[in-house]
1. Of the conditions (1) over 22 Å from the mean Cα position of the chain (by Cα); (2) farther than 14 Å from A:L270 by Cα, A:N375 satisfies every one except a single condition; which number is it?
2. For the range A:97-146, which positions are out of contact with any Gly (no Cβ under 7 Å at 6 or more places or on another chain), assigned to a loop (DSSP other than H, G, I, E, B) and facing chain B (nearest Cβ under 9 Å)?
3. Based on what the data block shows, is A:E617 touching a Pro at 6+ places or on another chain (Cβ under 7 Å) and either under 24 Å from A:V228 (Cα atoms) or among the small types (G, A, S) (or both)?
4. Of all residues in the range B:10-19, which are surrounded by 24 or more Cβ atoms within 10 Å (Cβ to Cβ) and more than 7 Å from every other protein chain (Cβ to nearest Cβ)?
5. Considering only the range A:609-621, I want to know if a residue exists there that is in contact with a Cys (Cβ under 9 Å, 6 or more places away or on another chain), surrounded by fewer than 17 Cβ atoms within 10 Å (Cβ to Cβ) and among the acidic types (D, E).
6. Look through the range A:1-55, keep the residues that are more than 19 Å from A:S125 (Cβ to Cβ) and part of a helix (DSSP H, G or I), and return whichever of them is farthest from the chain's Cα centre (by Cα).
7. Looking only at the range A:175-210, count every residue that is touching a strand residue (DSSP E or B) at 6+ places or on another chain (Cβ under 6 Å), small (G, A, S) and either closer than 12 Å to A:G153 by Cα or not in a helix (DSSP H, G or I) (or both) and tell me the total.
8. Conditions: (1) more than 25 Å from A:T372 (Cβ to Cβ); (2) in contact with a strand residue (DSSP E or B) (Cβ under 7 Å, 6 or more places away or on another chain). A:K308 meets all but one. Number of the miss?
Amino acid sequence: MTERIGVYVCHCGTNIAGMVDVEGVAKWAAEKLNHRGVVIARDYKFMCSSLGQELIQKDIHELGLTRVVVAACSPHLHEQTFRNACKQAGLNPYLCELVSIREQVSWVHTDKAAATEKSKAVVSSGVERVIWNEPLEPIRVPIHPDSLVVGGGIAGIQAALEIADAGYHVYLVEREPSIGGHMAQFDKTFPTLDCSACILTPKMVQAGSHPNITLMTWSEVTQVDGYVGNFTVTIKQKPRYVNAELCTGCGICQEKCPKKVIDDVYEAGLGNRKVIYNPFPQAVPKYPVLDRPNCTYFNKGTCKACEKFCPTGAIDFNQTDEYFQVNVGNIILATGFDLFDPLRIPQYGYKRLANVYTSLEFERLCNAAGPTNGNIVLRDGVTIPKTVGIVHCVGSRDKNYNAYCSSICCMQSLKFAHLVHERTGAEVYNFYIDIRTPSKGYEEFYQRLLEEGTHFVRGKVAEVTTAARDPKEEGKLIIQVEDTLIGKQRRIPVDMVILSAGIEPRSDSKETAHLFGLSCSADGWMIERHPKLDPVATMTEGIYIAGCVQGPKDIPASVVQGAAAAARVLGKIQQKEIALEPIRASVDQDKCSGCRICNNLCPFNAILFHEDLMVSEVNPALCQGCGTCVAACPAGAISGTGFSNEQILAQMDGLLLHNIQALNV
Amino acid sequence: MSEPFEPVIIGFTCNWCSYRAADLAGTARIKYPPNVRLIRLMCSGRLDPTFVLKALSGGADAVLITGCHPGECHYIEQNYKALRRYLLLRRTLVQMGVEPQRLKLVWASAAEGVRLASEITKLVEEIRSLGPLNWPTSTNGQVEIFEPLEVPA
């Protein structure tokens, strides 16, 4: 039985028609492919429009089409559109193919004749392939109503709260002893100058006490198995050495602990903490954590002051790693960012020159709960700076380090300038390339800083040095910079330098990507499903990304992405089951010889072997449709729906125009 | 004057990385020669070496295999399997008398539209200078077409 195939060639305005003779291609298909089953071939300005879709639907009804080929843009854009149009007209959607003659032809070639010939070959390949298409039904899998949020910063907290408020259970896993993320380290937030902790801690408290949120801090995900709707996640909870059932959060253990160490996580190396500690007073949960590598008891067997003084006997030195396995339907990854390390730019003098600070260090300096009680002073702890230099774009917009713009540092630098003015009355110099203030209230904030008398120098700082050239520069940090607006080199002596370091993906982002089966770019940012239209989804169904893990962004954008990811998850949970593309492998057990070559090829462990029957079988729920086993089977016993050998070889025949050559013989 | 030789090259792309790279090249309007005709697979691991042989025996002068970078395969590690097959296939082709340059492997991530376009351009130029493959088909010069099987009603 020959199929009745309809071919539709889209002009896409002039996007395709400008380079390809679309009418000619349609005519060619009607004439030359008629013997292959093409009963109608049309060209139309915009196939994806309602009128374009109606053309197809009308032909399905009136001409009894059994297959449809659309030659237009990329299947990644409109395959669903045309498949839905066919479905509405009563034709199984998988009997419709979209072949690209735009991204793959009209937009990339310059020779009209060659582009038209290639388009004919592409249409021919679509026709040959679609003959072999089978009517398929999507696979339905149930969605487990629990969710997992990885990362307890502002994006993760927002996501968890939205899902929990909607009535569904969430596991919120955080690597540090407390949730809060980087936002908990800041003093004020731009442009409103809200106190960061004041706006963050209410959300933290909500997340910590919400009946639908299981908070697991000091914990990490170690394994992820399964697929959308049915993930099995293994979470390792590291030992706090504090029994949460008994601890009241009184803080006596921290007072009595005799050993102080440098806090290089929360205090950015600027302050100290005890070995048993809460990272900050508003930590959620309130239970402290004992830092085992630095603990005198674990190193030498003595001390135990915390245990002695704990009024409820909550200290437990015998705790070990605990592993939990949880079932969830969806996962949101919100693991945040790391700061660019300015040690990589030695000419800026970080750590070599005392009064050069990173942005995070300066935040701690400004914070009233920080190591200097909010006083902006030099490293001696006493001297108030009289001039401060703020260097923008440290490690960003720089092809020697990171080419991208870190998005937040201009606003952060302006914020620092304001805080310095306010608290010290010092002269402030900002050294910038451009001032980037795109969001609401940002440009106005910049104007305010201009009115405050901040000095702006447009130029990339060449170096920060103490090598004085005249008496005025003695004892100061000298910033050497080209002031590009006046075209002169300048040397500006300051007391303190703040490096607005860029933000980078977490140092272990590649491992994280591998753990969750996601892709991250060469930079290390997680790759979203579509940069414009789908920034929170990933290529892996059921796993979403939110916040800086996807790319540099400010707090409002992180909150929005957390909420967006939560909305996607809630949408899935609400549907109770999800339809998956039925692209799967299946073993013809009559042909299978039991060689088991396929068994070890599957990274999803979807192939099982039946010892009694001596044949392999593919579990359609676990199979992701990659087709590796299909290619490997020596007996050709495994077929791949949607990408069968017949379909692919037919496509190739079409591309090489064998179907036309056969006519001439 | 006879027409200059224009190679016909079949390219296999994977749905997640290299096909998106080709799309990106299109969106960015990067130009490359029209000699390559692409077939989309879900994964480079789907590539059966017989596809390559069929392409070359069917009239293609070269075959391009593309996929995600090792370590970044959407299906975790299937591009390594594609790599293994490619290496063995290349040796086999050489033993059959086919120049190794006629089989090319390019790893391209979804962001590397420019790179994919330039690799395609390089390949086309190389094959143009190498000349047509002229793989002998059947004895009477007929080209076989892959007929769909009759499906009982």
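1. A:N375 satisfies all of (1) over 22 Å from the mean Cα position of the chain (by Cα); (2) farther than 14 Å from A:L270 by Cα except (2).
2. A:H109, A:T110, A:D111
3. no
4. Of everything in the range B:10-19, those that are surrounded by 24 or more Cβ atoms within 10 Å (Cβ to Cβ) and more than 7 Å from every other protein chain (Cβ to nearest Cβ) turn out to be B:G11, B:F12, B:T13, B:C14, B:C17, B:S18, B:Y19.
5. yes
6. Result: A:E23.
7. Qualifying residue count for the region: 1.
8. All conditions pass for A:K308, except number (2).
The values are calculated or read from the model by the stated rules, or taken from the named source; none is laboratory data. Note that the coordinates shown come from a computational prediction; the quantities given were computed from them, not determined experimentally. Glycine gets a Cβ as well: all are built from the backbone with ideal geometry, and neighbour counts include every protein chain shown.
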